[in-house]
Amino acid sequence: MRKIALALAALVGATVLTIPQTAQAAAAGAITFRGMTLTIPSGWRVYRDADRVKVITGRCAKPTAGYFTPKCEAFWIFGPKALKYGQEGFSPYTGRQPFYPASDVQRCPFDAGSGQVIGKAYVTGLRPVGRGHKAAFTGWNGRCVRYDNGKQTATFHQREWFLPTSKILVVDVWDDPRLAGVLAKATWS
């Protein structure tokens, strides 16, 4: 992991992307983002903040909270402004390393008392995102490590669909089995 030590993370606090409280949940049906339209299942909730969209797919205690919010089953759609700082908050996201828009250790998706460690890719390739569009797909191995004792508490996958020409990145740390199908059926304007 190329992040500040877990012990330092507890001291410096967390830097997170947040959605303003003024963001409103959109009705289920469709999301349009930078020319890409996704038809989403009923029950999914959409929160838009300019260059970022958070789609809640299940339980979520704090839907308007930031990207690294524990216990919030969701995926994100990012545009060029977010991609500009997607490499540890300093450099642009390129797809060669996991999307990680912070320089400190962020909370685990499942447990606020653990930090996330994103390791090596377990799969790479191209995946369809609608007719005529292919995303560079990477699945990264992630694990949750306790801040207090360094013990591993869980594992997860961070899946990323990157469309560099369209400047769109979809990030999912919950392995939602429906997401790949939703992306494959995207339409473009």
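The values are calculated or read from the model by the stated rules, or taken from the named source; none is laboratory data. Treat the numbers as computed from the prediction; the structure is a model and nothing was measured. Here the Cβ is made from the backbone with ideal geometry for all residues, glycine too, and neighbour counts use every protein chain on show. In case anyone asks, the SASA skips ligands and DNA or RNA and just uses the protein heavy atoms, side chains included. Shrake-Rupley method; radii C 1.70, N 1.55, O 1.52, S 1.80 Å.
Do you know which residues across the stretch 56-104 are of a type in the set (D, E) and more than 23 Å from L183 (Cα to Cα)? So that I can check it myself, show each step before the final result.
Our first condition is that a residue be of a type in the set (D, E); within the stretch 56-104, this holds for 73, 88, 104.
E88, D104 - these are the residues of the stretch 56-104 that are of a type in the set (D, E) and more than 23 Å from L183 (Cα to Cα).
In the stretch 114-129, is there at least one residue being part of a helix (DSSP H, G or I) and closer than 24 Å to A30 by Cβ? No, the stretch 114-129 contains no residue that is part of a helix (DSSP H, G or I) and closer than 24 Å to A30 by Cβ.
Of the residues in the stretch 1-58, how many are open to solvent by 50 Å² or more (accessible area, probe 1.4 Å), assigned to a loop (DSSP other than H, G, I, E, B) and at pLDDT 95 or above? Number of matching residues: 1.
What residue, among those in the stretch 146-168 that are within 25 Å of A112 (Cβ to Cβ) and either touching a helix residue (DSSP H, G or I) at 6+ places or on another chain (Cβ under 6 Å) or of a type in the set (F, W, Y) (or both), is modelled with the highest pLDDT? Please lay out each step first, then the result.
Our first condition is that a residue be within 25 Å of A112 (Cβ to Cβ); within the stretch 146-168, this holds for 146-160.
Narrowing the set further to residues that are either touching a helix residue (DSSP H, G or I) at 6+ places or on another chain (Cβ under 6 Å) or of a type in the set (F, W, Y) (or both) leaves 147, 156.
Values: Y147: 91, F156: 95.
Going through the qualifying residues, I end up with F156.
The set of residues from the stretch 59-69 being part of a strand (DSSP E or B) and surrounded by fewer than 17 Cβ atoms within 10 Å (Cβ to Cβ) comprises just one member, R59.
Of the residues making up the stretch 141-185, just one is farther than 30 Å from T32 by Cβ, among the aliphatic types (A, V, I, L, M) and touching a residue at least 60 places away in the same chain (Cβ under 8 Å), namely V145. Any residue at all in the stretch 102-124 that's of a type in the set (F, W, Y), farther than 19 Å from F68 by Cα and either open to solvent by 70 Å² or more (accessible area, probe 1.4 Å) or under 15 Å from the mean Cα position of the chain (by Cα) (or both)? Within the stretch 102-124 (the criterion being of a type in the set (F, W, Y), farther than 19 Å from F68 by Cα and either open to solvent by 70 Å² or more (accessible area, probe 1.4 Å) or under 15 Å from the mean Cα position of the chain (by Cα) (or both)), the answer is yes, since at least one residue qualifies. Going through (1) in contact (Cβ under 8 Å) with a residue 40 or more places away in the chain; (2) more than 23 Å from L179 (Cα to Cα); (3) among the basic types (K, R) one by one, R131 falls short only on (2). Pairing residues of the stretch 84-95 that are loosely packed, with under 13 Cβ neighbours inside 10 Å with residues that are of a type in the set (F, W, Y), at Cβ distances under 8 Å and at least 6 apart in sequence or on separate chains, gives S91/Y85; P92/Y85. Taken together, the residues in the stretch 154-189 that are open to solvent by less than 70 Å² (accessible area, probe 1.4 Å), among the polar types (S, T, N, Q) and part of a strand (DSSP E or B) amount to 1.
Please tell me if V145 is part of a strand (DSSP E or B) and β-branched (V, I, T).
On the way: part of a strand (DSSP E or B): yes; β-branched (V, I, T): yes.
Yes.
The residue that is farthest from K151 (Cα to Cα), counting only those in the stretch 88-113 that are in contact with a strand residue (DSSP E or B) (Cβ under 7 Å, 6 or more places away or on another chain) and part of a strand (DSSP E or B), is Y100.
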